[in-house]
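Chemist: First, the structure itself, so that you have it in front of you.
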Amino acid sequence: MKPTIIRPQGLPDSVSSPVVTPIMPSVVYASDTPDALDAQYEGRTSGYTYAREGHPNADVLARRIDALEGATGGIVTGSGMAAVTAALLGLCKAGDHVLGGDQLYGRSLRMMRDDLPRLGIETTLADPTDAASMEAALRETTRLVLIEVVSNPTLRLADLDGIAALCKARDILLVVDNTFTTPRAIKPFEQGADVVLHSVTKLLAGHSDVTLGWVAAKDPDLQRQLYDFIVTTGLTPSPFDCWLAERGLVSFDLRFDRAQRTAETLGRWLAGQAGVTRVLYPTRDDHPDRARAQALLRGTGGNMLSFEIEGGRAAANAFAAAAEGVAFAPTLGDVGTTLSHPASSSHRGLTPEARAAIGISEGFFRVSVGLEDPEALQDTFGAGLAAARGAR
Ligand SMILES: *Cc1c(COP(=O)(O)O)cnc(C)c1O
């Protein structure tokens, strides 16, 4: 071999092709000539140049998520928060106003509260279950409304139709974070959203081994604006992460359906146990937004379930310690069931009074139901409840 040759000299010949997408970690792509590069930049030919601007593994993953959401040209980002950042900072300018739902994901709330105002973008939060209170918070300068369809952790349903109508009438961009609900339950573009985004980290990739996001706009000009912002600010993902997420995504619908069935069963079972004061699940008869959940999610309750036990923090500690079969970890959408305690994690920044106002007590838990055998899950929750009763 000539020692001066460093570049790969091509792959071995094969008349058959791989059945799995290869991982392509190359940061740069070589073109034949300056004319050929011109043609690429001018869009007369298609080809990659530099991985921050795009690479095959990101595009393969993006096309799969596009297909689920009914989007074209969606962009994979390095995290879900990168997708939120792209939507908020890539589409707004100083002087604009942004209205958000008051129970958004914690870091989205923080971006609304701290980062946008620092950059001259005013923000307000309002209750998305009530379109009238959202309407009252709109301003002349409102550029964008950001909501999630199902809130964390109390699983309230946004009035998506009402809010979409408000936005349409005023030419305001409606951005929907569809992480919790997923396209299995709702396709926000069909319900009037202008921009849809995901934390792919959660249910779509589904194995808690990759941090990624995805964002798409309906309007091609906005889509281009998002792309340029993402590439300029470096919110782009790694090929290996995209490859892992593609592998996870293949089983997304099966995982979702299985976890949902188990969540329904577990919710029914929990509601009958001593010491359980409340079970929150969108399709349950006692859910405050049941009718809206039926209409918006077409009966799809999802894999998220919340419940409350008697006995305050002592009982909560005993429950988490004794429910050994589930991870006490602040994430969701994993193949394994995870349990989170909002008062000590996502909502620890709120005063006890502010938490009480949205129904989060020390005995409140949120469950992201995974793929375990439903009876095994009941056993571990049963052990947790018995320990909690002993600690009261
Ligand atoms: C996790 C999450 C995010 C942020 O996603 P990362 O991939 O962790 O950056 C945004 N929105 C919702 C609803 C989430 O659950």
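Chemist: Only one residue in ARG143, ARG224 is more than 16 Å from the ligand (Cβ to nearest atom) and free of Cβ contacts under 8 Å to residues at least 24 places away in the same chain. Which one?
Modeler: None of the others qualify; the one that does is ARG224.
Chemist: Among the residues that make up segment 114-130, is at least one of them farther than 27 Å from GLY349 by Cα and more than 16 Å from the ligand (Cβ to nearest atom)?
Modeler: no
Chemist: Could you count how many residues in segment 83-102 are among the small types (Gly, Ala, Ser), assigned to a loop (DSSP other than H, G, I, E, B) and within 16 Å of the ligand (Cβ to nearest atom)?
Modeler: Residues in segment 83-102 being among the small types (Gly, Ala, Ser), assigned to a loop (DSSP other than H, G, I, E, B) and within 16 Å of the ligand (Cβ to nearest atom): 0 in total.
Chemist: Quickly run through segment 343-365 and pick out the residues that are closer than 13 Å to GLY312 by Cα and touching a residue at least 60 places away in the same chain (Cβ under 8 Å).
Modeler: ILE360, GLY363, PHE364 - these are the residues of segment 343-365 that are closer than 13 Å to GLY312 by Cα and touching a residue at least 60 places away in the same chain (Cβ under 8 Å).
Chemist: Only one of these is open to solvent by 10 Å² or more (accessible area, probe 1.4 Å), over 20 Å from LEU222 (Cβ atoms), within 11 Å of the ligand (Cβ to nearest atom) and not assigned by TED's automatic domain parsing to the domain that holds ALA295: SER151, SER133. Name it.
Modeler: Answer to the check: SER151.
Chemist: What are the pairs with Cβ atoms under 6 angstrom where one residue, in segment 98-110, is free of Cβ contacts under 8 Å to residues at least 40 places away in the same chain and the other, located anywhere, is within 10 Å of the ligand (Cβ to nearest atom)? Sequence gap at least six, or different chains.
Modeler: Going by the 6 Å Cβ cut-off, the qualifying pairs are ARG107/MET81.
Chemist: Please work out which residue is nearest to ARG170 (Cα to Cα), limiting yourself to segment 184-202 and to residues that are within 10 Å of the ligand (Cβ to nearest atom) and open to solvent by 10 Å² or more (accessible area, probe 1.4 Å).
Modeler: Among those that are within 10 Å of the ligand (Cβ to nearest atom) and open to solvent by 10 Å² or more (accessible area, probe 1.4 Å), it is SER199.
Chemist: When you check LEU332 against the structure, is it outside the structural domain of THR181 (by TED's automatic domain parsing), touching a strand residue (DSSP E or B) at 6+ places or on another chain (Cβ under 9 Å) and either buried (at least 18 other Cβ atoms within 10 Å of the Cβ) or not in a helix (DSSP H, G or I) (or both), yes or no?
Modeler: Criteria met by LEU332.
Chemist: Just checking, how many residues over segment 287-319 are buried (at least 20 other Cβ atoms within 10 Å of the Cβ), closer than 19 Å to THR338 by Cβ and not β-branched (Val, Ile, Thr)?
Modeler: 10
Chemist: Out of segment 154-183, which residues are within 16 Å of the ligand (Cβ to nearest atom), on the phi < 0 side of the Ramachandran plot and in contact (Cβ under 8 Å) with a residue 40 or more places away in the chain?
Modeler: Once the filter is applied, which keeps residues that are within 16 Å of the ligand (Cβ to nearest atom), on the phi < 0 side of the Ramachandran plot and in contact (Cβ under 8 Å) with a residue 40 or more places away in the chain, segment 154-183 yields THR154, ARG156, LEU157, ALA158, LEU160, VAL175, ASP177, ASN178, THR179, PHE180, THR181, PRO183.
Chemist: Hey, could you check segment 27-62 for residues that are open to solvent by 70 Å² or more (accessible area, probe 1.4 Å) and touching a residue at least 12 places away in the same chain (Cβ under 8 Å) and say which is farthest from the ligand (Cβ to nearest atom)?
Modeler: Filtering first and then ranking leaves ALA30.
Chemist: How do the pairs read when you match residues in segment 194-211 that are without any contact (Cβ under 8 Å) to a residue 12 or more places away in the chain and on the phi < 0 side of the Ramachandran plot with residues anywhere that are more than 8 Å from the ligand (Cβ to nearest atom) and assigned to a strand (DSSP E or B), using Cβ under 7 Å and keeping only pairs 6 or more apart or on different chains?
Modeler: Sorted first by the residue in segment 194-211, then by its partner, the list stays empty.
Chemist: Going by the conditions given, is ASP209 part of a loop (DSSP other than H, G, I, E, B), open to solvent by 10 Å² or more (accessible area, probe 1.4 Å) and either within 16 Å of the ligand (Cβ to nearest atom) or closer than 24 Å to ARG63 by Cβ (or both)?
Modeler: Criteria met by ASP209.
Chemist: Now for a different question. Name the single residue, out of those in segment 63-107 being under 22 Å from ASP209 (Cα atoms) and at pLDDT below 95, that is least open to solvent (accessible area, probe 1.4 Å).
Modeler: Selected residue: GLY106.
The values are calculated or read from the model by the stated rules, or taken from the named source; none is laboratory data. Everything quoted here is computed from the prediction, not taken from an experiment. All Cβ positions, even for glycine, are placed from backbone atoms using ideal geometry, and neighbour counts span all protein chains on display. Please note that ligands, DNA and RNA were not included when accessible areas were found on the heavy atoms of the full protein model with its side chains. Shrake-Rupley method; radii C 1.70, N 1.55, O 1.52, S 1.80 Å.
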